[in-house]
Amino acid sequence: MSSSKWIWRIIGILSIAATLLLIAGFAYAVQDINHPQGSKLNLSAPSAKPEGTAPGNIEQKKELKAAVIGDSLAKGTGDSTGSGFARRSVTKLAEATGKKVTLLNNLGINGLTTSGLLPKLKEQGTRYVLGEADIILLSIGGNDLFQGADLLSGSQTGTAGNDGEAADLDPDELLEALPQAKKQLQQILEQIRKINPDALIIYVGLYNPFVDVKDLKVAGNQAVSEWNSAALTVINKYDNMTFVPTFDLFQHSLNKYLSTDHFHPNDQGYERIAERIVQGML
């Protein structure tokens with residue numbers, strides 16, 4: 001008898017406990033329905049910038065790395081200090097922002113055309129430098145239009161002589177070179193964008209160094225204008241590309257801003273281009 005009493009007591013206690021659990025569960029369910037809590041949202045910023053966010057925000061970076069690529073203007077030919085617009089821009093940007101700005105490498109090559117630059121963009125060393133940069137400065141196209149005048153000086157082929165003529169530069173050929181060269185410029189800008197999706201790409205527009213040469217003034221101005229317009233068409237497709245105009249700088253100031261070879265900028269010319277580059281970044 002005593003054992004059966006204990007069994008019934010145990011059963012009764014378990015029944016009461018089960019009933020209390022059911023009541024508690026029911027009460028919790030009602031509370032959850034009427035006042036749902038949910039999980040807390042994590043509103044903190046992600047630890048790393050996800051791919052596809054706004055690229056190249058140089059204002060938020062403590063240190064900046066720049067690279068320059070292209071033709072002899074990119075290299076700085078004609079500058080007595082060898083600084084060109086690249087080093088001058090780096091110095092001015094550091095002064096304007098108070099940041100540490102480093103020039104990783106100058107990949108400028110005398111006489112380089114769009115046809116010559118395209119395969120360079122496939123080279124591992126070039127891709128590495130461009131991929132590491134926060135700012136990429138690009139100058140290309142002058143040799144496509146003016147057919148090697150970059151490599152020459154004095155009264156030789158492609159430069160203005162004392163009689164105001166430019167030997168072996170055919171005005172018609174300036175315009176004939178445009179379609180293919182413009183297509184290759186577009187490919188260059190798009191490839192650089194793929195190599196480095198985040199960098200700020202700054203393209204330095206063309207000027208006409210032969211605006212004082214009678215036979216080349218109109219054709220040269222037309223070719224340069226069409227070229228710059230084609231560059232803008234591509235650049236306007238991207239949020240993080242900038243076009244720096246130089247045409248107006250040299251249009252009426254060739255004697256002031258051109259070097260003695262009548263093609264490249266001199267120290268003052270590069271200084272003015274650098275000023276505009278930095279203005280375009282700030």
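May I ask you to compute the full-extension gain from Asp212 to Ser80, defined as 0.36 nm times their residue separation minus their alpha-carbon distance, rounded to one decimal in nm?
Values: separation 132, 0.36 × 132 = 47.52 nm, distance 2.36 nm.
That works out to 45.2 nm of additional length.
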5 angstrom amide H check on Gly111, placed H, neighbours 5+ away: Ser72
10 Å binning of all Cα-Cα separations within the range 200-282, expressed as whole percents from 0 upward: 18, 46, 30, 6
Listed pairs Lys183/Lys214; Lys120/Lys183; Lys92/Lys214 exceeding 25 Å between Cα atoms: Lys183/Lys214; Lys92/Lys214
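Could you tell me the relative contact order of the range 165-277? Use alpha-carbon pairs under 8 Å, at least six residues apart, and round to a whole percent. Provide the component values of the computation, followed by the final result.
Values: 124 pairs, mean separation 32.5, N = 113.
29 percent.
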Contour minus Cα-Cα distance for Glu176 and Thr91 (0.36 nm per residue): 26.7 nm
Amide H within-cut-off set for Phe263, under 5 Å, with H built and near neighbours excluded: none
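No lab work stands behind these numbers, since they all come straight from the coordinates. Predicted, not measured: the structure shown is a model, and the values here were computed from it.
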